[in-house]
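Down below is the structure, laid out as structure tokens.
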Amino acid sequence: QITSLVRRAALTQNDNHFNYEKAHNFKVHTFRGPHWCEYCANFMWGLIAQGVRCSDCGLNVHKQCSKYVPNDCQPDLKRIKRVYCCDLTTLVKAHNTQRPMVVDSCIREIEARGLKSEGLYRVSGFTEHIEDVKMAFDRDGDKADISASIYPDINIIAGALKLYFRDLPIPVITYDTYSKFIEAAKISNPDERLEAIHEVLMLLPAAHYETLRYLMIHLKKVTLHEKENFMNAENLGIVFGPTLMRPPEDSTLATLNDMRYQKLIVQILIENEDVLF
């Protein structure tokens, strides 16, 4: 069995503060009044565009100093305007959680009342209701009410979860690891394929890895109710393949060619979640 003890140990150590590394999101900025660089402590000269400011945490530095600032951005909740369409690591660091709270809330709700729902994740909920859930999370964060009294149809919650993943600027399976996952899926020997997939999983940023791990544990639970919901790992792979991974270049041909491998990757992750994570 493959174990990822090193990764687990690292995640356990980080449980208290979730020290996921995050690069700063610097943009050129014009400062009013005198300003000093928070990296080198020297004055920022000029009348306009004197330096750069991190849009996520507000750090102000010289443009040349920005190259040397470590990946220690601690996003400020006041600067994060929304939950959907927000970088995954930025969101979890701003909320100081292990995973995006959208994922936790939706999965909790689905496991409480939807595991036996026929066609779970395949059947669509009403688009306008899914948009309502999205707006509730953007507005209220983890206080958003997605209970059965407001959204009796569990497919709306499942749809909101899928939409969250689709809206991510960097997919859960990142652009950097995409081609490595596709190559791993093409290996014909099942043991070697599993080993290769495990190696690529280790390359994911910590917040992405943890979110994927949590989702796969959930989807495995969904497959345990296949008799009622008719959703096995292959069906879920068809639904979640293109939701969790997209090719870096927006090419329809690449997407079509890779679809069966995307499905296969998710199917293997679900079936082997206890071994791979």
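The values are calculated or read from the model by the stated rules, or taken from the named source; none is laboratory data. Bear in mind that the values here come from a model prediction, so they are computed numbers and not experimental data. Neighbour counts are summed over all protein chains in view; Cβ atoms, including those assigned to glycine, are modelled from backbone coordinates with ideal geometry. Side chains are part of the model used for accessible areas, which takes the heavy atoms of the whole protein and leaves out ligands, DNA and RNA. Shrake-Rupley method; radii C 1.70, N 1.55, O 1.52, S 1.80 Å.
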Taking a crude spin-label model, label points 7 Å out from Cα along the C-beta direction, the residue 74 to residue 32 distance in nm is 2.8 nm
Within the set 239, 103, 28, GNM on the chain using Cα springs under 10 Å gives the largest fluctuation to 28
Would you mind counting up the charge near residue 50? Only other residues with Cβ under 14 Å from its Cβ, with Lys and Arg at +1 and Asp and Glu at -1.
+3
Taking +1 at the Cβ of each Lys and Arg and -1 at the Cβ of each Asp and Glu, which of 41, 130, 254 sits farthest along the dipole of the chain towards its positive end, judged by Cα position relative to the Cα centre?
41
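First check a/c for the stretch 20-73, with a ≥ b ≥ c the square roots of the eigenvalues of its C-alpha gyration tensor; if it is under 1.5, answer rounded, and if not, answer prolate when a/b is larger than b/c or oblate otherwise. The partial results should precede the final answer.
On the way: a/c = 2.35, a/b = 1.75, b/c = 1.34.
Because a/c hits 1.5 or more and a/b exceeds b/c, the stretch 20-73 counts as prolate.
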Measuring from label point to label point, each 7 Å out along Cα→Cβ, what is the residue 234 to residue 275 span in nm?
1.9 nm
Suppose every Lys and Arg Cβ carries +1 and every Asp and Glu Cβ carries -1, with no other charges. What dipole size does the chain come out with about its Cα centre, to the nearest 20 debye?
720 debye
Top to bottom by accessible area (1.4 Å), largest first, where do 259, 44, 202 land?
259, 202, 44
Rank these residues by their accessible area, most exposed first, probe 1.4 Å: 174, 252, 30.
252, 30, 174
Accessible surface of the stretch 20-73, 1.4 Å probe, proportion on carbon and sulfur as whole %:
55 percent
Which listed residue (241, 146, 54) has the Cα farthest towards the positive end of the charge dipole for the chain, taking +1 on Lys and Arg C-beta and -1 on Asp and Glu C-beta about the Cα centre?
54
Would you compute, for the Cα atoms of the chain, the largest minus smallest coordinate along each principal axis and list the three values in descending order, in whole Å?
68, 48, 41
Using the Cα centre as the reference, give the magnitude of the dipole from point charges on the C-beta atoms of the stretch 177-265 (Lys, Arg: +1; Asp, Glu: -1; all else neutral), rounded to the nearest 20 debye.
220 debye
Under a 1.4 Å probe, what is the accessible area of the stretch 195-277 per residue, stated in Å²?
43 Å²
